[in-house]
Amino acid sequence: MLLTVQILTILAILCWPMFWILSVMMFGGPGATNDAQSVYSTMAILLYPSGIFLVYALGNWPLFVIPGKYLALIGIPLNLALVYASYGSLLSNTLKGIANEGYSVVDQQVYYNGNPLPMASAGSFTLLEHSPTYRDAVYAKDENQVYYRGEVILGADSASFHPLFVEQGLDEYWADNQHVYRYSLALDLNPEQVALFHDDSYAVYLTDGKQLFCNGIKVPDADLASFKVIFGALAKDKHHVYYQQHIILPDADVESFNLYPDEQYYGYDKHHVYDVIAERSQPIAGADPASFELLGRGYMRDQHRVYFSQQYEPTIVLTQVDRDSLVVTDYDDATGSDAYDKHGYILNGKHLESDK
């Protein structure tokens, strides 16, 4: 009987690292560390080896060759030390009523993520967020300062600090009586004149009639009168093509430059076809814009060659693929291919070995 208990005890102790890993995963969810019940129950589970060691000591049972009292003297402090090293501050904050995530005010002290903000005034501390909970809020202020994720926004005026473009669903842009801010970064925009120039799921452009910013970064020397957003951070004016703040494709014909329909990685003008790879955008050597077509699954061709997409790297020429007989298909389970030509089946731009 004792042998069976000893074997089960060893198995239980060996399982402890698994419970510790599970606890890390459990506390990874939003707000999980602010749930007192979850914190206490997790601590209790992680301390189960101490309970086992205590039972052995009180029953004066050996664990194989280790006497019960020595097992308790060594095992309990070790278990406590490991749990404290992992979650000591989390448990301490929970016992004191301090939130481990987000802002909290306890005993006239302001905290963010469980850490005190000694410069904050608890009496005038207020959340500046469209969410009603402290955990979700990232902006806050007191009578003297404005805070973003627990850090002071230097120079921000607490009295006039307010959100911009709330109706458009943008929560990262704010302003006071002197500056416009994206998160905690001050932008060189007039807060009284700032307006939304363009926004989509990829990029937000702001202007005050003089300066233009894309995703919080100034677009230098942009001509506002002719500036046009093509897609996301890709734009042009009468002088240049831009990717965010970068001038790209300096030799492109700006007037005729555009993206292919339903495509964001390939552009063209009357002279060239282009890989649009952010600031590394470049012409595809030899590609003919008049006959260039996108075939799907990364394949393209013009009147001379077949090309294959390399995602965020420059497009390559498929010299071994026959341009005239190429047919692009969906992935075919039977042949393991996504295209074929007169030479055989092709997958990801390469002829399959069995066809050679």
Going out from 0 in 5 Å bins, what whole percent of all Cα-Cα distances in the stretch 225-267 drops into each bin?
6, 24, 38, 25, 7, 0
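Nearest 20 debye, what's the magnitude of the dipole of the stretch 194-278 about its Cα centre given +1 on Lys and Arg Cβ and -1 on Asp and Glu Cβ?
About 240 debye.
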Roughly how tilted is helix 16-26, in degrees to the nearest 10 and between 0 and 90, from the longest Cα axis of the chain?
50 degrees
If you build a Gaussian network model of the chain, linking Cα atoms that sit under 10 Å apart, which residue out of S309, S325, S50 swings the most?
S325
Modelled FRET efficiency - R0 56 Å, A85 with S226, Cβ distances, 0.05 increments
0.40
Rounded to the nearest 500 deg cm²/dmol, what is the calculated helix-only ellipticity per residue at 222 nm for the chain, with -39500 (n - 2.57) per DSSP H run of length n ≥ 4?
-7000 deg cm²/dmol
Give me the distance in nm between label points sitting 7 Å out from Cα along the Cα-to-Cβ direction at T329 and Q108, one decimal.
7.9 nm
Using alpha carbons only: equivalent-ellipsoid semi-axes of the chain, gyration tensor based, whole Å:
56, 40, 12
Excluding residues fewer than 8 places away in the same chain, name every one of the aspartates and glutamates whose C-alpha is closer than 12 Å to that of K238.
D221, D223, D253, E255
Given springs between every Cα pair under 10 Å in a Gaussian network model of the chain, which of K236, K228, K69 has the largest fluctuation?
K69
Would you grab the residues whose amide H sits under 5 Å from the one on I316? Only those 5+ places off in sequence or on another chain, please, with H modelled 1.01 Å from N.
F308, Q310
Highest GNM mean-square fluctuation, the chain, Cα pairs closer than 10 Å: which of M25, M119, M300?
M25
For the stretch 34-87, fraction of C-alpha pairs farther apart than 18 Å, in %:
38 percent
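Quick one: if the Förster radius is 56 Å, what FRET efficiency do A285 and V5 give, using the C-beta to C-beta distance and rounding to 0.05? Spell out each step's value before the answer.
Details: r = 75 Å, r/R0 = 1.34.
After rounding, the FRET efficiency stands at 0.15.
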Those residues of the stretch 5-21 whose amide nitrogen sits under 14 Å from the label point placed on L78, 7 Å along Cα→Cβ:
10-17
Students often forget the sequence filter, so: which lysines lie under 22 Å Cα-Cα from K236 once same-chain residues fewer than 8 apart are removed?
K210, K218, K228, K270
For a label point 7 angstrom out from the Cα of L259 toward its Cβ, which stretches of the stretch 293-319 have the backbone nitrogen within less than 15 Å?
312
With a 10 Å radius around each residue's Cβ, average the other Cβ atoms per peptide and rank 138-147, 76-85, highest first.
138-147, 76-85
Cross-link partners among lysines for K342, C-alpha distance below 24 Å, same-chain residues fewer than 8 apart left out?
K350, K356
Residue among A140, S158, N113 farthest towards the positive dipole end of the stretch 102-187, charges placed on Cβ
N113
Looking at the stretch 8-56 from every direction and averaging, what is the projected area of its Cα convex hull in nm²?
3.5 nm²
Using 1/(1 + (r/R0)^6) with R0 = 35 angstrom and r between the beta carbons of I66 and V24, what's the FRET efficiency to the nearest 0.05?
0.75
J(HN,Hα) series, the stretch 200-206, from Karplus relation 6.51 cos²θ - 1.76 cosθ + 1.60, nearest Hz, glycine and proline x:
8, 6, 10, 7, 10, 10, 10
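Values quoted throughout were computed directly from the atomic coordinates according to the rules given, and no laboratory measurement underlies them. Since this is a predicted model, take the numbers as computed values, not measurements. Using ideal geometry, Cβ is built from the backbone for each residue, glycine included, and neighbour counts are taken over all protein chains shown.
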